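Step one of this worksheet: look at the structure below.
Coordinate-derived values only; no laboratory data. None of these values were measured; they are calculated from a predicted model. With ideal geometry, Cβ positions are generated from the backbone for all residues, glycine too; neighbour counts draw on all protein chains shown.
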Amino acid sequence: MQETTSNPRIVEIRQNVLKKNDLLARGLRKRFLDAGVYVTNLVSSPGAGKTTLLTEVLTRLGQRYRVAALVGDLATENDAERLRKSGAQVRQITTGTVCHLEAEMVERNLEGWDMRDIDFLFIENVGNLVCPASYDLGENERVVLFSVTEGEDKPVKYPTIVNSADLAVITKVDLAEAVGFQRERFYEALSEVRPGIPVLEVSARSGEGIDEWVSHLETAKRSCKEMVSTS
Amino acid sequence: MHELSIAQSLVELAIEAAADAGIKPVKAVHLKLGTLSGVVKESLEFSFDIVTEGTPLEGARLVIEEVPVKVFCPDCREAHVLPEPFPMRCPVCGVKTGQVLEGREIELYALEGGEGDAGDDVESTDR
Ligand SMILES: [Zn+2]
């Protein structure tokens, strides 16, 4: 057997594999904070009604604030086109084959935008309930959306993303009765994977819950600002 | 599937770390993977072999240690490992808790080097 003292056999490294992403995200978070931008990262399955809902929220918020959105998608500009109708500044991030957004993509796509001109920034992640969970984008709040048409046990099927979220939003609640949505079962499933998570029920069609979401955002932004001024 | 991106980040980090620590060749890459990391072990292993091709890490083994979820129970005022990642309840008193202490990590834990002697087994060098 050869002597191998010149070469260590095992060296402890202990580094986060997503270190690069997390460092970038930290930089973004500081940049947003300094400029007073409140950032929301929206995650859901395809078809949960993210874009429709976001158009509503942007329109509502846009009456009093400067709003912007980054929209992640594998291809096409369709979602961005729809969102632009709200009057917000919108940019599409086309990821190609990548099924989630990374901090670097966010940073790159903010180029040319003056952060001081934005009050609320929404990042619509790629429609996927698995991959976006691992990537911090420097957001203030991660929101996971489920529609009533997806069934009550969806949170249990995608626990990782729910566990990493700060707020859950149930969409298309105007259809709840028609599809036989069992509210209690859904709430129970949510609390199995993320006890204590706040929940909002909304409908882009009826307008239900949109005001609540808007005031939630306003409050969150205000407390964010207070945090900065007292620190 | 984001395991390919994760494998890419892992390999870049490992190559850097190996150079810093002067480990050449790298025989194995040890990774700690939390059950709440959102990463599928098998996909990552598959991606690792693809990503290492043609790099200084080619031929290195990926050794994954799965890290279970550890939560803090506000009632027991203690940390407990969950037998299953869900439900998120204290396994001792049954109280629901979302305070995750461990189980989210994707950590390059260690690098294993050697003299490049293919027949040289890791465990056989006890002196
Ligand atoms: Zn307990």
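Numerical summary
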item	result
Under-5 Å amide H pairs with residue B:61, H placed in peptide plane, nonlocal only	B:28, B:29
Computed E for residue A:187/residue A:114 - FRET, C-beta separation, R0 35 angstrom, nearest 0.05	0.25
³J(HN,Hα) computed for each position of segment A:107-115 - Karplus, 6.51 cos²θ - 1.76 cosθ + 1.60, integer Hz, glycine/proline x	4, 4, 7, 8, 3, x, 8, 8, 4
Cα shape, segment A:115-224, gyration tensor, a/c 1.5 rule	oblate
Under 5 Å, built H, 5+ apart or other chain: amide partners of residue B:99	B:72
Given charges at beta-carbon only (K, R positive; D, E negative), |dipole| of the protein assembly as shown in Debye	1360 debye
Nonlocal amide H pairs with residue A:169, under 5 Å, H built at 1.01 Å	A:144, A:145, A:146, A:200
Gyration tensor (alpha-carbon) shape descriptor, segment B:1-77, a/c threshold 1.5	prolate
Leading residue at positive end of dipole, chain A (Cβ point charges), from A:161, A:113, A:132	A:113
Per DSSP, loop GluC sites (Glu not before Pro) in segment A:58-130 with at most 11 further Cβ within 10 Å	A:111
Residue B:61 paired with residue A:177, simple spin-label distance in nm, labels 7 Å along Cα-to-beta-carbon	6.3 nm
Inter-label distance, nm, simple model (7 Å from Cα along the C-beta direction), residue A:26/residue A:227	1.6 nm
Spin-label model distance (nm) - residue B:8 vs residue A:34, 7 Å beyond Cα toward Cβ	2.8 nm
Per-pair calculated FRET efficiency, R0 = 22 Å: residue B:49 and residue A:16 via Cβ, rounded to 0.05	0.50
Taking N as its residue count, the alpha carbon Rg of chain A over 2.2 N^0.38 Å	1.13
Value of [θ]222 nm, deg cm²/dmol, for chain A, DSSP H segments ≥ 4, -39500 (n - 2.57) each, nearest 500	-11000 deg cm²/dmol
Exceeding the 23 Å Cα-Cα cut-off - candidates A:225/B:96; A:50/A:85; A:85/A:172; A:20/B:32; A:172/A:221	A:225/B:96; A:172/A:221
